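S.K.: Sending over a structure as structure tokens; questions will come in a sec.
A short reminder: the numbers here are calculations on the coordinates, not readings from a lab. Quick caveat, the model's predicted, so the values are computed rather than measured. With ideal geometry, Cβ positions are generated from the backbone for all residues, glycine too; neighbour counts draw on all protein chains shown.
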Amino acid sequence: MPQIAIADATLARLQKHAVPLLDTFDTIINRIVDAYEAHNGEGTVAAASEPVDTTRTFEASSPPDLTHTKVLSAKLDGSPLAKGVNWNGLLKQAVGLAKSRVKTSDELKRLVIVNFVPGKKDGDGYEYLPDAAVSVQGQDANNAWRGTLHIAQQLGVSVEVVFLWRHKEKAAFPGESGRFVVAPTAHC
């Protein structure tokens, strides 16, 4: 099967027309070509094949290298996160959830394993989370996932993330999608 290079902007446009967790690039492209041919009267449109889910599910506690990945969708404690959220956005949501569920700063320190400080801190990659009244330092994808997973496991909440490796030389699985599913557990 031939491999093709697609610009990030084109990839983003294709993803807008995808059925999450079901479509592959082949099914998306076929759907677009079918629509084009139907609109321009260029022959009969072949019956669209059923989308096949090729997303690989990975063990959340021993993830592959997430360098060069993009979050496609995420849920934390059953609530979908805003479209376009990234790994740090997921981590910040988890920190906010942790802050809302603990009573003391010592409990928060046990839950949040990434760098954070109470109150507002500017510089050094910190971002202030007003709802949690803490500043969290930005992380790479791997550390953001580890931090999110730790909080979810400690709180006993679910996390679901679907992500895509970009077409980069050093990506673990270029062009493939992956998923983590963490089931809720009893409070620790």
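S.K.: Please report, largest first and rounded to whole Å, the three semi-axes of the ellipsoid equivalent to the range 49-146, where each semi-axis is the square root of five times an eigenvalue of the C-alpha gyration tensor.
M.R.: 28, 15, 13
S.K.: Would you mind pulling out the separation of the Cα centroids of the range 1-40 and the range 106-148, in Å?
M.R.: Result: 37 Å between the Cα centres.
S.K.: Let me ask something else about it. Work out the P(r) tail for the chain: percent of alpha carbon pairs separated by more than 24 Å, whole number.
M.R.: Working: 8189 of 17578 pairs.
Tail of P(r) above 24 Å: 47 percent of Cα pairs.
S.K.: For the range 52-106, what number results from the quotient of the Cα radius of gyration and 2.2 N^0.38 Å? Could the numbers behind the result be given before it?
M.R.: Details: Rg = 13.8 Å, N = 55, 2.2 N^0.38 = 10.1 Å.
That ratio works out to 1.37.
S.K.: Calculated from DSSP H runs of 4 or more alone, at -39500 (n - 2.57) each and per residue, what is the 222 nm mean residue ellipticity of the chain, nearest 500?
M.R.: On the way: 5 runs with 62 residues, N = 188.
Helix contribution divided over all residues of the chain: -10500 deg cm²/dmol.
S.K.: Stretched out fully, how many nm does the piece from ARG13 to SER105 gain, at 0.36 nm a residue minus the Cα gap?
M.R.: Working: separation 92, 0.36 × 92 = 33.12 nm, distance 4.35 nm.
Length gained between ARG13 and SER105: 28.8 nm.
S.K.: Ignoring the sites themselves, what is the longest stretch of the chain with no trypsin sites (Lys or Arg not before Pro) in a DSSP loop and at most 11 other beta-carbon atoms within 10 Å?
M.R.: On the way: sites that count: LYS83, LYS103, LYS170.
Formally, the longest exposed-site-free interval is 1-82.
S.K.: Among all stretches of the chain without exposed GluC sites (Glu not before Pro) (DSSP loop, at most 12 other Cβ atoms within 10 Å), which one is longest?
M.R.: 60-168
S.K.: Quick check on my link table: of LYS16/LYS120; LYS99/LYS168; LYS70/LYS121; LYS75/LYS109, which ones sit more than 25 Å apart, alpha carbon to alpha carbon? Provide the component values of the computation, followed by the final result.
M.R.: Numbers: LYS16/LYS120 36 Å; LYS99/LYS168 36 Å; LYS70/LYS121 27 Å; LYS75/LYS109 23 Å.
Result: LYS16/LYS120; LYS99/LYS168; LYS70/LYS121 exceed 25 Å.
S.K.: Considering Cα pairs under 8 angstrom that are at least six residues apart, work out the relative contact order of the chain and quote it in whole percent.
M.R.: Working: 294 pairs, mean separation 44.6, N = 188.
It comes to 24 percent, rounded to a whole number.
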